[in-house]
Amino acid sequence: MVESIYTIPLTEALDSRCDCMFCYLEDKLEREQIEYALGAAMMEPDFRILSNEKGYCRHHIGMMARAKKALPLALVLDTHCAEVIKKLESVDMTSKGGIFKKEKSPAEKLSEVVSGIDSTCLVCERIEKTMEKFTNTFWYLYNKEEDFRARFLESRGVCMHHFAKLLVALDNVSGGKRDIFARELYDLQMKVLQNEQNEVHGFTKQFDYRSDKGEWKVAKDAHLKCASRLSGSFERE
Ligand SMILES: [Zn+2]
Ligand SMILES: [Zn+2]
């Protein structure tokens with residue numbers, strides 16, 4: 001039984017007629033997670049433990065900083081920073097490790113601990129988990145609901161990042177249908193990519209000294225649209 005908490009947002013995202021329904025879902029999730037981390041989660045001890053342990057990546061700490069909630073952010077950072085210091089203190093920098101081959105040297109242990117601290121982001125992890133549910137539910141709906149499938153095939157497809165994610169999730173679809181669905185997705189993506197490339201090529205031609213600068217024949221943001229098609233949606237200035 002597929003839960004409606006995933007099917008309803010998917011249908012809504014498709015209805016939005018955006019350039020990538022998964023970027024639309026991910027952007028929404030991201031905003032909700034940032035708001036939660038600096039709001040209601042402050043009162044959730046379980047979340048605080050995870051927040052202190054995992055911290056946030058550069059992209060998400062940037063979003064938190066721009067949210068202009070100075071005190072909640074300072075509270076989050078205060079306890080997370082204490083946890084980082086505790087982890088660093090766990091490395092004995094004076095140990096004579098390395099004499100016996102099995103034991104790691106202080107430099108190796110320190111590198112391992114710091115890489116561990118640097119590689120985790122609570123917001124990224126929570127988004128990834130939910131997005132995996134969305135991509136799996138997407139194929140469930142695509143398989144079961146003819147209308148959903150037809151509407152998707154008439155849509156503007158997805159970005160390359162979510163194209164890759166959809167193909168990975170396609171592994172869960174049984175045998176014969178997998179190749180049919182992959183082919184349909186491939187055809188759609190080729191169509192939108194060719195269109196995007198034509199647009200961005202037309203955009204570069206507008207800068208040709210022979211072209212009539214006054215009359216733009218392509219969208220003025222063709223370069224930005226092509227960028228989000230290839231790399232996923234991003235915040236524009
Ligand atoms: Zn996307
Ligand atoms: Zn992150």
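The values are calculated or read from the model by the stated rules, or taken from the named source; none is laboratory data. These numbers come from a predicted model, not from an experiment. Ideal geometry is used to build each Cβ from the backbone, glycine not excepted, and the neighbour counts take in all protein chains shown.
The residues of segment 131-177 that are more than 24 Å from residue 225 (Cα to Cα) and either of a type in the set (Asp, Glu) or part of a loop (DSSP other than H, G, I, E, B) (or both), listed by number, are 132, 145, 146, 147, 171, 173, 174. Among the residues of segment 100-124, those identified as within 16 Å of ligand 2 (Cβ to nearest atom), surrounded by 13 or more Cβ atoms within 10 Å (Cβ to Cβ) and either among the charged types (D, E, K, R) or part of a helix (DSSP H, G or I) (or both) are 117, 122, 123, 124. Within the bounds of segment 195-217, is there any residue that is at pLDDT below 95, within 24 Å of residue 22 (Cβ to Cβ) and not in a helix (DSSP H, G or I)? No, because not a single residue in segment 195-217 is at pLDDT below 95, within 24 Å of residue 22 (Cβ to Cβ) and not in a helix (DSSP H, G or I). Could you please let me know if residue 14 is surrounded by 12 or more Cβ atoms within 10 Å (Cβ to Cβ), within 16 Å of ligand 1 (Cβ to nearest atom) and farther than 29 Å from residue 58 by Cβ? Yes, satisfied.
Cβ separations smaller than 8 Å between residues 6+ apart or across chains give the following pairs from segment 39-61 residues that are within 11 Å of residue 124 (Cβ to Cβ) to residues that are outside any helix (DSSP H, G or I) and among the β-branched types (Val, Ile, Thr): 54/120; 55/120. Residue 20 fulfils the conditions (1) modelled with pLDDT of 95 or more; (2) within 16 Å of ligand 2 (Cβ to nearest atom) except for a single criterion, (2).
The rows are residues; the columns are (1) within 16 Å of ligand 1 (Cβ to nearest atom); (2) within 30 Å of residue 9 (Cα to Cα); (3) within 29 Å of the chain's Cα centre (by Cα).
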residue	(1), (2), (3)
90	no, no, no
96	no, no, no
107	no, no, no
113	no, no, yes
117	no, no, yes
131	yes, yes, yes
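For segment 41-62, state whether one or more residues are part of a helix (DSSP H, G or I) and within 16 Å of ligand 1 (Cβ to nearest atom).
If we filter segment 41-62 for residues that are part of a helix (DSSP H, G or I), which is where we start, we get 41-43, 45-54, 58-62.
When the remaining residues are screened for being within 16 Å of ligand 1 (Cβ to nearest atom), the result is 59.
Within segment 41-62, one or more residues are part of a helix (DSSP H, G or I) and within 16 Å of ligand 1 (Cβ to nearest atom).
Remark: pairs (first residue in segment 129-155, closer than 13 Å to residue 169 by Cβ; second residue at pLDDT below 95 and acidic (Asp, Glu); Cβ separation under 9 Å; 6+ apart in sequence or on different chains) = 133/3; 137/3.
In the set (1) modelled with pLDDT of 95 or more; (2) under 25 Å from the mean Cα position of the chain (by Cα), residue 85 fails one condition alone, (2).
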